[in-house]
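J.: Let me give you the structure first, and then I'll get to my questions.
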Amino acid sequence: MVILVTGGGGQLGQTLAHLSGNYPQFSFYFADSDKADITQKHRLATVFEQLKPDVVINAAAYTAVDKAESEPEKADLINHIGARNLAEVCAEFGSGLIHISTDFVFDGQKNSPYTEQDDPNPQSVYGKTKLGGERAVLSALPEAVVIRTSWVYSAFGHNFMKTMLRIAKDRDELSVVNDQTGTPTHAVDLAKALLVIAEAIGQDKKDYGGIYHFSNQGACSWYDFALRIFELQKISIKVNAIPTSEFPTPAKRPSYSVLDKGKVGSVFGVKPQQWETGLQQALAQLSAQ
Ligand SMILES: NC(=O)c1ccc[n+]([C@@H]2O[C@H](COP(=O)([O-])OP(=O)(O)OC[C@H]3O[C@@H](n4cnc5c(N)ncnc54)[C@H](OP(=O)(O)O)[C@@H]3O)[C@@H](O)[C@H]2O)c1
């Protein structure tokens, strides 16, 4: 089975590449924007003619959440139009598609885990463009699998875990928001789940199309997440819990975005582990690099 990963140089793409050796049943192709720019539909078709992918994992996105507020056209071009292009080319070539989306499609007004039936109401340009992408993908290719995930971090790329460790090298005190609740997701756990799904959609002809939620289990605030990172790394640093109002950002983020993982578990048998366990594994992987 041939799997094409778009956005192959990003955090999730690099994580999939790192794991790919454990999956001899798949031939992987990792393409970044220079090889497969999802905003260029005709060039995408050329890549598909060469590779004939059975399944495409779209890890390409505009992910600069705050910058998107001042670059809405660029964010929309990649997250919405680019995702639509990819789905249309998948439909043309008979390829399956797993498209990655975000918890930021929700407004955060709930206080129990969001299910796939809950109405999205994005509060940021990033969230709106990602929602546009989900809808365009499912309209062009109803068999596509859209995976919403949250707070992704890993030993690869840029993420909160690595930012906290970098800050701790220069400072002995920092402040972290304590009134946004969600679930950190180790990119390795997400990548493994995506490959279970890729195998299912590439092999049997069942229609799995639709939206699914995947993150690690449990819930915490960014402050709790930071504390646990420092505790596990035995780093001594003073961490102050602050409200979002004391750390204003251009993009509004949901105050609650825990995802319900029941559907992905019952359809694909994917059972995520606790976020703290994923964090331990990510820190161990980072130390081993
Ligand atoms: N990180 C999180 O916390 C988080 C949370 C929820 C959901 N997600 C979703 O998870 C997915 C993966 O995120 P990530 O953390 O791996 O993001 P990332 O590290 O920012 O990677 C995104 C990749 O997309 C590529 N890209 C940008 N424009 C492109 C284009 N026009 N054509 C092809 N590739 C393009 C980038 O390549 P260049 O550098 O060459 O532009 C980059 O390698 C995204 O869909 C994101 O929305 C992430």
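J.: For Gln217, indicate whether it is open to solvent by 20 Å² or more (accessible area, probe 1.4 Å) and either at pLDDT 95 or above or more than 11 Å from the ligand (Cβ to nearest atom) (or both).
T.: yes
J.: So, one more: For segment 232-267, enumerate the residues that are more than 27 Å from Gln123 (Cβ to Cβ) and out of contact with any Asp or Glu (no Cβ under 9 Å at 6 or more places or on another chain).
T.: The answer is Gln233, Lys234, Ile235, Gly265, Ser266, Val267.
J.: Consider Asp107 against the criteria (1) away from the ligand (no atom under 14 Å from the Cβ); (2) at pLDDT 95 or above; (3) under 26 Å from Leu86 (Cα atoms); (4) not aromatic (Phe, Trp, Tyr): it satisfies all of them except one. Which criterion is unmet?
T.: Exception for Asp107: condition (3).
J.: For segment 110-162, how many residues meet the condition of being part of a loop (DSSP other than H, G, I, E, B) and either within 15 Å of the ligand (Cβ to nearest atom) or of a type outside the set (A, V, I, L, M, F, W, C) (or both)?
T.: Residues meeting the conditions: 25.
J.: Pairs please, first residue from segment 166-179 and touching a residue at least 12 places away in the same chain (Cβ under 8 Å) and under 11 Å from Ile237 (Cβ atoms), second anywhere and hydrophobic (A, V, I, L, M, F, W, C) and assigned to a helix (DSSP H, G or I), Cβ atoms under 7 Å, 6+ apart in sequence or on different chains.
T.: What qualifies is Ala168/Phe230; Leu174/Ile167; Val176/Trp222; Val176/Ala226.
J.: Out of all the residues in segment 20-38, which are part of a loop (DSSP other than H, G, I, E, B) and surrounded by fewer than 21 Cβ atoms within 10 Å (Cβ to Cβ)?
T.: Across segment 20-38, the qualifying residues are Tyr23, Pro24, Gln25, Phe26, Asp32, Ser33, Asp34, Lys35, Asp37.
J.: Also, I was wondering about something else. Tell me which residues, restricted to segment 172-187, are within 10 Å of the ligand (Cβ to nearest atom) and in a strand (DSSP E or B).
T.: The answer is Gly182, Thr185.
J.: Within segment 233-258, how many residues turn out to be within 23 Å of Val188 (Cβ to Cβ), touching a helix residue (DSSP H, G or I) at 6+ places or on another chain (Cβ under 6 Å) and open to solvent by less than 50 Å² (accessible area, probe 1.4 Å)?
T.: Residues in segment 233-258 being within 23 Å of Val188 (Cβ to Cβ), touching a helix residue (DSSP H, G or I) at 6+ places or on another chain (Cβ under 6 Å) and open to solvent by less than 50 Å² (accessible area, probe 1.4 Å): 1 in total.
J.: Something else now. Any idea which of (1) at pLDDT below 95; (2) in contact with a Pro (Cβ under 7 Å, 6 or more places away or on another chain) is the one Trp275 doesn't satisfy?
T.: The single condition Trp275 does not satisfy is (1).
J.: Right, next: Please enumerate the residues belonging to segment 1-19 that are more than 14 Å from the ligand (Cβ to nearest atom) and either charged (D, E, K, R) or surrounded by 18 or more Cβ atoms within 10 Å (Cβ to Cβ) (or both).
T.: Ile3
J.: While we're here: Just to be sure before I move on: is Thr6 modelled with pLDDT of 95 or more and under 15 Å from Tyr62 (Cα atoms) in the structure I sent?
T.: It is true that Thr6 is modelled with pLDDT of 95 or more and under 15 Å from Tyr62 (Cα atoms).
J.: At pLDDT 95 or above, under 20 Å from Gly133 (Cβ atoms), within 7 Å of the ligand (Cβ to nearest atom) and not hydroxyl-bearing (Ser, Thr, Tyr): does that describe Ala36?
T.: Spelling it out, Ala36 is indeed at pLDDT 95 or above, under 20 Å from Gly133 (Cβ atoms), within 7 Å of the ligand (Cβ to nearest atom) and not hydroxyl-bearing (Ser, Thr, Tyr).
J.: OK, next. Identify all residues within segment 259-272 that are open to solvent by 50 Å² or more (accessible area, probe 1.4 Å) and at pLDDT 95 or above; write none if there are none.
T.: Asp260, Lys263, Ser266, Val267, Gly269
J.: Which one is nearest to Phe26 (Cα to Cα), of the residues in segment 42-58 that are in contact with a helix residue (DSSP H, G or I) (Cβ under 7 Å, 6 or more places away or on another chain) and within 11 Å of the ligand (Cβ to nearest atom)?
T.: The residue in question is Ile57.
The values are calculated or read from the model by the stated rules, or taken from the named source; none is laboratory data. If you're wondering where the values come from, they're calculated on a predicted model, not measured in any experiment. Cβ sites come from the backbone with ideal geometry, for glycine too, and all protein chains shown count toward neighbours. Ligands, DNA and RNA are excluded from the accessible area calculation, which covers all protein heavy atoms including side chains. Shrake-Rupley method; radii C 1.70, N 1.55, O 1.52, S 1.80 Å.
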